[in-house]
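What follows is a single structure, written as structure tokens, with notes after it.
We did not get these values from a lab; they are worked out from the coordinates using the rules stated. Worth saying up front: this structure is predicted, and the values here are computed from it rather than measured. Positions of Cβ are generated from backbone atoms using ideal geometry, with glycine treated the same way; all protein chains shown enter the neighbour counts.
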Amino acid sequence: MARLVVDTGFLVALYRRRDPLHAGALEFLCENRAPLVTAAPVIVESCYFLDTTAKVELLDWVAKGGLTVADVPVEAYPVLARLLRRYATLDLDLADAALVWLADLLGEHRILTVDERDFSALRLKGKRRFELVRWR
């Protein structure tokens, strides 16, 4: 089964109960059957936006297998650097570059994100576009 790549905005909406997108994220998660995957920098970035209780809930959910988290090895850093340079006009952050790297590595192209502007502009191997999965 094809996996869904998960960006920060979805996780923040899922764990920040007062977020206007919380209900949509929760409903999507309850109905979704596709395995979810993200890169470690996305977890770090998500935690930055969450309070302590939400951080703990997110980490517990990940530990229970709710989301697969891929570490980004040092060997991938040159790829991340190339992506950051290529998309300098977007002011791409490390988490987004890591998601492009991960999607290419896994051969996936579907993503849960609120960052439609950047992920509509980013390209995967073979100039393939991300498919922005609607969840809100």
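Quick grid of which residues meet (1) surrounded by 13 or more Cβ atoms within 10 Å (Cβ to Cβ); (2) of a type in the set (A, V, I, L, M); (3) under 25 Å from TRP135 (Cα atoms):
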position: GLU45; (1), (2), (3): yes, no, yes
position: TYR48; (1), (2), (3): no, no, yes
position: ASP51; (1), (2), (3): no, no, yes
position: ALA63; (1), (2), (3): no, yes, yes
position: LEU84; (1), (2), (3): yes, yes, no
Lone unmet requirement of (1) buried (at least 16 other Cβ atoms within 10 Å of the Cβ); (2) within 16 Å of the chain's Cα centre (by Cα); (3) of a type in the set (A, V, I, L, M, F, W, C); (4) in a helix (DSSP H, G or I) for VAL69: (4)
Residues of the stretch 1-38 classified as among the hydrophobic types (A, V, I, L, M, F, W, C), surrounded by 22 or more Cβ atoms within 10 Å (Cβ to Cβ) and assigned to a helix (DSSP H, G or I), total: 6
Number of the exception - LYS55 against (1) in contact with a Cys (Cβ under 8 Å, 6 or more places away or on another chain); (2) loosely packed, with under 12 Cβ neighbours inside 10 Å: (2)
Complete set of residues in the stretch 92-132 that are of a type outside the set (A, V, I, L, M), farther than 21 Å from LEU14 by Cα, in a helix (DSSP H, G or I) and touching a Phe, Trp or Tyr at 6+ places or on another chain (Cβ under 9 Å): SER120
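Which of the residues that make up the stretch 35-54 are of a type outside the set (Val, Ile, Thr) and touching a residue at least 40 places away in the same chain (Cβ under 8 Å)?
LEU36, ALA39, ALA40, PRO41, GLU45, PHE49
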Residue among ASP19, ASP91, ASP104, ASP7 that alone is in contact (Cβ under 8 Å) with a residue 60 or more places away in the chain and either under 24 Å from ARG117 (Cβ atoms) or touching a Leu at 6+ places or on another chain (Cβ under 8 Å) (or both): ASP7
Residue match in the stretch 47-70 (condition: touching an Asp or Glu at 6+ places or on another chain (Cβ under 9 Å), closer than 26 Å to TYR15 by Cβ and aliphatic (A, V, I, L, M)): yes
Failed criterion for ARG136 (all others in (1) in a helix (DSSP H, G or I); (2) farther than 14 Å from LEU36 by Cα hold): (1)
